[in-house]
Each structure stands twice: as structure tokens, then as C-alpha cells.
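Novice: Take this structure, written in C-alpha cells, and hold onto it; I'll ask about it next.
The values are calculated or read from the model by the stated rules, or taken from the named source; none is laboratory data. Everything quoted here is computed from the prediction, not taken from an experiment. Neighbour counts run over all protein chains shown; Cβ positions are idealised from the backbone, glycine included.
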Amino acid sequence: MSARLFELMLKAAGTTVVISFVSIGIGLLIGILVCAAKLSPRPWLRWPAVLFVSFFRGVPLLVQLLLIYNLLPAIGLAVPSLVAALIGLSLCTAAYQAENLRGGFTSVPRGLLEAADMVGLSPWQQFRRIRAPIALRLTVPALVNEAILILKASSLVSVVGVIELTRTAQNLAASTYEPLLFYSVAGGLYLAINWMVAGGGSLTERALRRGRLA
Amino acid sequence: MSFDVSVIVAALPAILSGLKVTLGIWLAATMMGAGLGFVVAALRHFGPRPLGLALRLAVEILRGTPFLIQIFLLYFGGPFVGISLDPVPAGLLGLTIYAAAYFSEIFRAGFAAVPRGHVEAAQCVGLSQTQIVRRILIPEMTMLVLPQCVNMAVVLVKETAVLSIIAVPEATAVISALGSQQYAFVESLFLLAIIYWGLVEACGWAGRALETRLSKFRFA
């Protein structure tokens, strides 16, 4: 493979990373809202959140992407495929992240909250100083896992025409008749990115453990 | 946005055949993947070290790359190394190998989670290695790994949709083609989403029911 083509693949890998991390970020924000709604005692808040999580975890991402990509024009919103892809990935990861966060929040030890009550912390102080930090720390491994899943799942946005790593490999494989080479290189790049994310994740975990309170 | 049910009713036979392919590939790949994954986990646990390392590398590669890339490599790259497969066998083989990588990790964790004391006790009373596997490790593991196995089966239902990209005539391919032929994207894609949603929920429900029934036999 020529240096120029490899550079093209590297750039495409960058696109994949950007798409994935933007989705993870937006997904985290939506996930926090969905998680809060799911933990809410009000049924009119809880049920839509339950339905949201169940739908986005129960339908293949490919179908979600096709649905969003074709549905938006049907309701008169013609968005570029990149935007459709970002919406799809973000909503999908939001559902998973909401569940991960919920797991984190529900595993905060009750004793800590009772102790906080005793010393007279307000509910907001309890949330900010006890529940949120502990829940977030418990969620970090799941978040890293989710980042890796989304990095891999983002290959599906190639189907709605976003030129990222998989689509670039596809284009180059078709124009050079060298599918083995280009798909292997793409696979290698995904692997390298995922290993870096996993490595960064375990460093973060270790740092958090060193500074831990409980 | 309009919703025309007649498009779907007219195409019912095609939809059913697509569903049959989805279910067939899913069941076959799940079972073969679990079997192969078990063999890989057992080889990594009991086999010689170099083989274990080679299998570990293979599992890491399969788990670290997108399924779509794996399928492209197999389907489009395969003919260059003498593996020419039609879409259905290629999809089945690809999904089985992918599933095996994940199942092997589940079983490996299962092997490691069986209390060492149970294995040592079995050795003390003179059980052979195969007896230990058959009568101690596998029964104890089954309960431990069941939830993750159900989870993996659910992941695999959804992964079958990716096979539409190499033209396996499964539900996603058939139903979304229906959409583009008749310009009925909304109807067809909603139907597709509902079908998978139902499958996934049913699978999760069946898994939980199975778990409750089997929990009677829990040892540890």
C-alpha cells in the first residue's frame, strides 16, 4: 500500500474516532437525563425512559440508523448523513449509558447516604459530594467498555454513506481489487484505537482508585 | 408521513422467508458459537501454553474489530485465499466465529469462577480430570455463565442484521429492500424495528425464566 493511501486510511480512522467520541459525549448527556427519568418516582417520567432504553437496546443499530436516515426526510428534515449517523449513534449509546449509570447510582452504599443525612448534608450536597462521585467512579469501566463498543459499532454508519474508516476501506478495496489488504489494515487500525482506549481507561481507573474516598 | 399497511400485507411471504433466514442463522450461529467458544475456553484453560496464547490473540483480534470488517474480510477477501462462499454460508461462518470469541471469554470467566476448593476436593476423592470437568466444572459453571450467555444470544440476534450488507436474504435485507422498491421506508423500517424489538425482549424474558427455573439447582 502506498504511503498516500495509508495516510487516507489514517485520516479516515480519525473520522471514526471523532464520530465515536462525539456520540459518546452526547450519549452521556442524554444518558444522564434518561437515567434520572428512569430513577424518578413519577411514572410519566419513568415510563418513557423505560421505553427509550428498551427500544434502543432491543433494535439493531443498523436498523436504527436506516430508520433515522430515512425517517428524517419523510418528516421534512433533510439532514446530511453525518448528522443522521451522529443522532443514531448518540441515541443508541445513551440507552446503554443510562443503564450503566443507573447501575452505578443504585450501588452507592446506603450507609454512606444515611451517614450524610446524619451529619446534615442537604440532598443536593449528598448528590454532589457522595452519590455522583461514587456512581461516576463505578461507571468508568462501563464507560470505557461502551467507548470500545461504539468505536466498533460506528463502522455501521458507513452504510448510510458516512466516509469513515470502514467506508474508506471499502472504497479502496473496490478500486484496487485488494480487499484483504485494506480490510486487514482497517481491522488493525480499529484494534489499535481500541487498545489505546482500553489502556487509557485502566490508567484512569487506577488514578481514580488512588484518590478514592471510600 | 403516511403509513400504508397494505404494502406489508402484500409482501408477507417474502417477510416470513426473511425472518426464517434470520432465525435460522441466529440459532445455528449461537449454538455453534457457544460450542466452539467452549472448546476454545477449555483449550485456553487446560491446553499447552503456546496454544493458549495463540487463541488469546485470536480472541482479542475478534473482539477488538467490528463485525462488519470481519464479514468483509471473509466474504470479499476470502476468494483471494481460496475461500469462496455464498452469502449465507459466509454469514453463518462469520457470525459463528465472532460468537465463539465472545462465548469463549464467558466460559473462561466461568471456569475461573468455580471455587478452587471444589476442584481440589474432587481431586482428593480421586475423580479423573474428565470427571472433574463433566461433574464439577460444567454443572457449576452453567449457572454462573447463563445470564451472560443469554445476553450474548441477544447481541447475536441484533448482529444478524449486519449480514444484510453482504446480501444475506435475512429480515433486514428483505424488509428494507421492500422499502426501497415500493418507496415505503417508514412502514418497512418500523416493521423491522418492531420485529427485532420483539425478538430481543422475548429472548431476554425466556432467559430470565430459564434462570429462575435453574436457580433451584444452584450449588454455590
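Novice: For the list (1) closer than 30 Å to B:ILE69 by Cβ; (2) modelled with pLDDT under 95; (3) touching a helix residue (DSSP H, G or I) at 6+ places or on another chain (Cβ under 9 Å); (4) part of a helix (DSSP H, G or I), I need the number of the one condition that A:ALA36 fails.
Specialist: (1)
Novice: If you don't mind, there's one more thing I want to ask. Quick one: B:GLY37 ticks every box in (1) closer than 26 Å to A:VAL197 by Cα; (2) more than 11 Å from chain A (Cβ to nearest Cβ); (3) within 20 Å of the chain's Cα centre (by Cα); (4) surrounded by fewer than 17 Cβ atoms within 10 Å (Cβ to Cβ) except a single one, so which number is it?
Specialist: So the condition that B:GLY37 fails would be (4).
Novice: Sticking with this one: Right, A:SER2: away from chain B (no Cβ under 14 Å) and either of a type in the set (Gly, Ala, Ser) or farther than 30 Å from B:LEU178 by Cα (or both) or not?
Specialist: yes
Novice: Additional query: Can you tell me which residue in the stretch A:67-82 is farthest from the other protein chains (Cβ to nearest Cβ), limited to those that are free of Cβ contacts under 8 Å to residues at least 40 places away in the same chain and not hydrophobic (A, V, I, L, M, F, W, C)?
Specialist: Restricting to residues being free of Cβ contacts under 8 Å to residues at least 40 places away in the same chain and not hydrophobic (A, V, I, L, M, F, W, C), the top hit is A:PRO80.
Novice: When A:THR139 is evaluated against the numbered criteria (1) buried (at least 17 other Cβ atoms within 10 Å of the Cβ); (2) polar (S, T, N, Q); (3) within 13 Å of chain B (Cβ to nearest Cβ); (4) under 21 Å from the mean Cα position of the chain (by Cα), which criterion, by number, is the only one it fails?
Specialist: Tallying (1) buried (at least 17 other Cβ atoms within 10 Å of the Cβ); (2) polar (S, T, N, Q); (3) within 13 Å of chain B (Cβ to nearest Cβ); (4) under 21 Å from the mean Cα position of the chain (by Cα), A:THR139 fails exactly one: (3).
Novice: Something else: Suppose the filter is among the aliphatic types (A, V, I, L, M), crowded, with 23+ Cβ neighbours inside 10 Å and assigned to a helix (DSSP H, G or I); does A:ALA173 pass it?
Specialist: Against the criterion (among the aliphatic types (A, V, I, L, M), crowded, with 23+ Cβ neighbours inside 10 Å and assigned to a helix (DSSP H, G or I)), A:ALA173 does not qualify.
Novice: Do any residues in the stretch B:53-77 that are without any contact (Cβ under 8 Å) to a residue 24 or more places away in the chain and at the interface with chain A (Cβ under 8 Å from one of its Cβ atoms) have Cβ atoms under 6 Å from those of residues that are of a type in the set (A, V, I, L, M, F, W, C) and surrounded by fewer than 20 Cβ atoms within 10 Å (Cβ to Cβ), where the two are at least six apart or on different chains, and which pairs are they?
Specialist: Here the result reads B:GLY64/A:LEU191; B:THR65/A:LEU191; B:GLY77/A:LEU180, each pair linking the stretch B:53-77 to a residue that is of a type in the set (A, V, I, L, M, F, W, C) and surrounded by fewer than 20 Cβ atoms within 10 Å (Cβ to Cβ).
Novice: Looking at the stretch A:39-66, which of its residues are touching a helix residue (DSSP H, G or I) at 6+ places or on another chain (Cβ under 7 Å), outside any helix (DSSP H, G or I) and away from every other protein chain (no Cβ under 14 Å)?
Specialist: Passing the criteria: only A:SER40.
Novice: Among the candidates B:ALA101, B:ALA28, B:ALA109, B:ALA113, single out the residue that is within 13 Å of the chain's Cα centre (by Cα), touching a residue at least 24 places away in the same chain (Cβ under 8 Å) and farther than 27 Å from A:VAL157 by Cβ.
Specialist: B:ALA28
Novice: Oh, and also: Among what's in the stretch B:179-189 and is small (Gly, Ala, Ser) and part of a helix (DSSP H, G or I), pick the residue that is nearest to the other protein chains (Cβ to nearest Cβ).
Specialist: So the residue we want is B:GLY179.
Novice: Of all residues in the stretch B:190-220, how many are in a helix (DSSP H, G or I) and either closer than 30 Å to B:GLU140 by Cβ or modelled with pLDDT under 90 (or both)?
Specialist: The qualifying residues number 18.
Novice: Would you be able to say whether some residue in the stretch B:84-104 is modelled with pLDDT under 95, in a helix (DSSP H, G or I), at negative phi and among the aromatic types (Phe, Trp, Tyr)?
Specialist: No - not one qualifying residue is present in the stretch B:84-104.
Novice: Follow-up question, since we're still on this one. (1) in a helix (DSSP H, G or I); (2) touching a residue at least 40 places away in the same chain (Cβ under 8 Å): which one isn't true of B:SER176, the others all being true?
Specialist: Exception for B:SER176: condition (2).
Novice: So B:GLY126 fits all but one of (1) more than 10 Å from every other protein chain (Cβ to nearest Cβ); (2) assigned to a helix (DSSP H, G or I); what number is the exception?
Specialist: The one condition B:GLY126 does not meet is (2).
Novice: I've got another one for you. Let me spell it out: the conditions are (1) in contact with an Asp or Glu (Cβ under 8 Å, 6 or more places away or on another chain); (2) touching a residue at least 12 places away in the same chain (Cβ under 8 Å), and A:LEU5 meets all of them except one. Which number is the exception?
Specialist: (1) is the only condition that A:LEU5 fails.
Novice: Here's a follow-up. Can you tell me which of A:LEU180, A:LEU149, A:LEU191 is touching a residue at least 24 places away in the same chain (Cβ under 8 Å) and in a helix (DSSP H, G or I)?
Specialist: Criteria check complete, one pass: A:LEU149.
Novice: Continuing with this model, one more query. I need the full set of residues from the stretch A:136-156 which are of a type in the set (Lys, Arg) and at pLDDT 90 or above, in order please.
Specialist: A:LYS152
Novice: Restricting attention to the stretch B:169-181, does a residue exist that is modelled with pLDDT of 85 or more and more than 24 Å from A:ARG57 (Cα to Cα)?
Specialist: Yes, there is a match, as at least one residue in the stretch B:169-181 is modelled with pLDDT of 85 or more and more than 24 Å from A:ARG57 (Cα to Cα).
Novice: So which of B:ALA109, B:ALA113, B:ALA121 is more than 14 Å from chain A (Cβ to nearest Cβ), surrounded by fewer than 21 Cβ atoms within 10 Å (Cβ to Cβ), touching a helix residue (DSSP H, G or I) at 6+ places or on another chain (Cβ under 7 Å) and modelled with pLDDT under 95?
Specialist: When all the criteria are applied, what remains is B:ALA113.
Novice: Checking the condition in contact (Cβ under 8 Å) with a residue 40 or more places away in the chain and within 14 Å of chain B (Cβ to nearest Cβ), which residue from A:LEU156, A:LEU101 passes?
Specialist: From the options A:LEU156, A:LEU101, the qualifying one is A:LEU156.
Novice: Right, another one. In the stretch B:158-173, what residues are more than 7 Å from every other protein chain (Cβ to nearest Cβ), buried (at least 20 other Cβ atoms within 10 Å of the Cβ) and either hydrophobic (A, V, I, L, M, F, W, C) or over 12 Å from B:PRO87 (Cβ atoms) (or both)?
Specialist: Hits for the stretch B:158-173 are B:GLU159, B:THR160, B:LEU163, B:ILE166, B:VAL168, B:ALA171, B:ALA173.
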